[in-house]
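Each remark here refers to the structure printed beneath this line.
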Amino acid sequence: MIKDIQQKILNLKKERDVCILAHSYMSEEICEIADFTGDSYALSVKAKTAPQSTVIMCGVRFMAETVKLLSPQKKVYLANPIAGCPMAEQMDKELISQVKEGLGQDYAVVAYINTTTELKTVCDVCVTSSSALKICRAIPQKNILFIPDINLGTYIKEQIPEKNFKLLHGGCPTHAKISEKEALAVKKAHPNALFLVHPECRAEVVKHADFVGSTSGIMDFAEKSTAKEFIIGTENSIVQHLQFKCPDKDFYPLSKDLVCHNMKATTLIDVYNCLLGKGGEEMIIDEETRQKAVNCINKMIEYGG
Ligand code: 13P
Ligand code: SF4
């Protein structure tokens, strides 16, 4: 049954000139039919170069919006319209403009890509978890207002002591709920395992990591490592992908609660229905807003290499 639907999707996307992008948190069956899978940074870059006239994003809303910002001439759909990122909704344009005014003009607003299009219109540069360190080092400004994720911001700030960071209290509700106590308990249960952690986790968890990286960074590290056991400190779909990719290695979730229900909302049938024109939501962004919001994403790609 799954194979039948997958085959129908493969036929339809070819027929209709559609590129399917899937974030690494998607299920195995969605990743199998995607043209590209990857972390937020890789998907943004692919979105810019994909030759197809239509893109279906299997991920969350800010990811589909990013594709539309970069490729206004394409039709861009979010496969399941209920898939949002709660972190992206935590701060708005008014709040950030007010904070920036209070800080003075010499602060660069560095926004995690997990933000709304409207908020991006007042940001100087975007970053993702895999590019934040490089970009914060590379930008000319010494003073950085880093939004909205306090955990990613703290992780970056510690590695760039020569710059001044102002952080606000936002973050990912999924990663941030894991405590140091839970991390230490899992490490104790698997003493030979390397601990791989996403920087959206709290600093008290990140400090125990053997490797800190984006979703793709964690997957690459585990695949290339000569170690045999790993605790995965990010969304649990990554545990499953790695089990398929590396059957000779063992992967343990940091917590059974590391599940992003928004990322889990998209199903294979959603992708099929979207291709049939019976589901999904087309991203519409007015041109004036798009022009203001795309600058910080273009800067991200420029500095991120
Ligand atoms: P990545 O940068 O690893 O893709 O992270 C995106 C995300 O939403 C993680 O929760
Ligand atoms: Fe947003 Fe967290 Fe889900 Fe990533 S895991 S999409 S940051 S809520």
* Asked: Quick one: what pairs do we get from the stretch 120-135, first residue more than 17 Å from Val206 (Cβ to Cβ), second surrounded by 24 or more Cβ atoms within 10 Å (Cβ to Cβ) and polar (S, T, N, Q), C-beta under 8 Å, 6+ apart or different chains?
  -> Cys123/Thr115; Cys126/Thr115
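So that you can scan it fast, the table gives a plain yes or no per residue for (1) hydrophobic (A, V, I, L, M, F, W, C); (2) surrounded by 17 or more Cβ atoms within 10 Å (Cβ to Cβ); (3) closer than 23 Å to Ala189 by Cα:
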position	(1), (2), (3)
Tyr252	no, no, yes
Cys260	yes, yes, no
Lys264	no, no, no
Asp270	no, yes, no
Cys274	yes, yes, no
Met283	yes, yes, no
Asp286	no, no, no
* Show the residue pairs that are 6+ apart or on different chains and have beta-carbon atoms under 6 Å apart, the first residue being within the stretch 260-278 and among the aliphatic types (A, V, I, L, M), the second being open to solvent by 40 Å² or more (accessible area, probe 1.4 Å). => Ala265/Ile82; Leu268/Glu29
* Restricting the search to the stretch 168-183, which residues are touching a Leu at 6+ places or on another chain (Cβ under 9 Å), open to solvent by less than 60 Å² (accessible area, probe 1.4 Å) and more than 16 Å from ligand 1 (Cβ to nearest atom)? -> Leu168, Ala183
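Every residue, every condition in (1) touching a Ser or Thr at 6+ places or on another chain (Cβ under 8 Å); (2) closer than 26 Å to Ile30 by Cβ; (3) part of a loop (DSSP other than H, G, I, E, B), yes or no:
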| position | (1), (2), (3) |
| --- | --- |
| Asp270 | no, yes, no |
| Gln291 | no, no, no |
| Ile297 | yes, yes, no |
| Glu302 | no, no, no |
* Structure fact -> Filtering the stretch 1-33 for residues that are free of Cβ contacts under 8 Å to residues at least 40 places away in the same chain and in a helix (DSSP H, G or I) leaves a count of 8
* Does any residue of the stretch 184-192 turn out to be of a type in the set (A, V, I, L, M), closer than 27 Å to Asp220 by Cα and surrounded by 24 or more Cβ atoms within 10 Å (Cβ to Cβ)? -> no
* For Thr116, are the conditions met, namely being within 16 Å of ligand 1 (Cβ to nearest atom), of a type in the set (Ser, Thr, Tyr) and over 28 Å from Asp220 (Cβ atoms)? -> yes
* So which residues in the stretch 83-97 are within 16 Å of ligand 1 (Cβ to nearest atom) and not small (Gly, Ala, Ser)? -> Cys85, Pro86, Met87, Glu89, Gln90, Met91
* Asked: Could you list, in sequence order, the residues of the stretch 217-247 that are within 14 Å of ligand 2 (Cβ to nearest atom), within 22 Å of Lys157 (Cα to Cα) and not in a loop (DSSP other than H, G, I, E, B)?
  -> Ile218, Gly233
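Residue-wise test of (1) open to solvent by less than 10 Å² (accessible area, probe 1.4 Å); (2) more than 21 Å from Ser214 (Cα to Cα); (3) in contact with a strand residue (DSSP E or B) (Cβ under 9 Å, 6 or more places away or on another chain); (4) within 16 Å of ligand 2 (Cβ to nearest atom).
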residue: Gln7; (1), (2), (3), (4): no, yes, no, no
residue: Ser24; (1), (2), (3), (4): yes, no, yes, yes
residue: Glu28; (1), (2), (3), (4): no, no, no, no
residue: Thr49; (1), (2), (3), (4): no, yes, no, no
residue: Gly59; (1), (2), (3), (4): yes, no, yes, yes
residue: Met63; (1), (2), (3), (4): no, no, yes, yes
residue: Ala83; (1), (2), (3), (4): yes, no, yes, yes
residue: Met91; (1), (2), (3), (4): no, yes, yes, yes
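The values are calculated or read from the model by the stated rules, or taken from the named source; none is laboratory data. Since the structure is predicted, the reported quantities are computational estimates derived from the model, not experimental observations. Don't worry about glycine lacking a Cβ; one is built from the backbone with ideal geometry, like all the others, and counts go over all protein chains shown. Heads up: the accessible areas ignore ligands, DNA and RNA and are worked out on the full protein's heavy atoms, side chains in. Shrake-Rupley method; radii C 1.70, N 1.55, O 1.52, S 1.80 Å.
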